[in-house]
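The values are calculated or read from the model by the stated rules, or taken from the named source; none is laboratory data. The model shown is predicted, which means the values in this text are computed figures rather than measured ones. A quick note on method: Cβ atoms are made from the backbone with ideal geometry, for glycine too, and the neighbour counts reach across all protein chains shown.
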Amino acid sequence: MLDILKAIELCEVFMQGMESFFEYEKDLKTKSAVERQIAIISEAVNELKKEDSEITIENSIQIVGLRNRLIHAYDSTEDTIIWAILQRHLPNLKEETEKLLKNLN
């Protein structure tokens, strides 16, 4: 779970000052860095589910599927999808992961 949080935090750092999708779309380094961290998040969620199938993570199937798409179908990954994940879903995953960690301690 710590890998998930670390990767989310790195995405947040990489996205600092990025005010619009158009800025993101033009910044190849940021896009590459963010996509790498999202792949790490996806793999970490996959491993977590393998270790403990009782852990519930909202959208875990889609998260794992995104990793497969980023790695194997990288040429069909749209920037708009990654942008939407960053804006809408990553904050929720961060909150959910923090709660899971808190419950384990």
Among 86, 70, 90, which is among the aliphatic types (A, V, I, L, M), modelled with pLDDT under 90 and surrounded by 15 or more Cβ atoms within 10 Å (Cβ to Cβ)?
70
Of all residues in the range 85-105, how many are over 11 Å from the mean Cα position of the chain (by Cα) and closer than 17 Å to residue 39 by Cβ?
1
Can you tell which of 7, 39 is closer than 18 Å to residue 98 by Cβ and crowded, with 18+ Cβ neighbours inside 10 Å?
7
Residue list for the range 1-31, filter: touching a helix residue (DSSP H, G or I) at 6+ places or on another chain (Cβ under 7 Å) and among the charged types (D, E, K, R):
3, 25, 31
State all residues of the range 42-56 that are within 19 Å of residue 9 (Cβ to Cβ) and either in contact with a Ser or Thr (Cβ under 8 Å, 6 or more places away or on another chain) or surrounded by fewer than 10 Cβ atoms within 10 Å (Cβ to Cβ) (or both); if no residue qualifies, say none.
45
